Amino acid sequence: MGLAAAAVFTATVATAQNLDAGKSPAKLFADSCATCHRSPRGLAKGRFTLTLSWFLKDHYATSADSARMLAAYLESVDEPPPRAAARPAKKPARSTPHQPRPVQSQ
């Protein structure tokens, strides 16, 4: 009797499934993140891939692999910082050279 009960319990144990397996990163975002975030742009905010994937794994993703894929996707669509703010503006080139002023003697 005990052996039969053990066989029934081991046969009915559910195996865990990774519901994110086989999904593209864009599909992962659409299924998990789009409810609260309109767009994936700006969500990486210049974070390191490793820390972003750890955060996603701890809070949103079902596996480390899906967290890494989602982090890479968020970084790939993240907008780079504006170039105008990063570099000082160049001075416009002079169209005609200036003639030196004559030296006045006293």
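Taking label points 7 Å from Cα along the Cα-to-Cβ direction, Ala26 and Asp65 give a separation of 2.1 nm. Leu52 sits among other residues whose Cβ lies under 13 Å from its own Cβ, and their net charge, with Lys and Arg +1 and Asp and Glu -1, is +1.
All of the numbers you see were taken from the coordinates with simple rules; none came from a lab. As the structure is a prediction and not an experimental result, all values here were calculated from the model. No Cβ is skipped: glycine too gets one built from the backbone with ideal geometry, and neighbour counts run over all protein chains shown.
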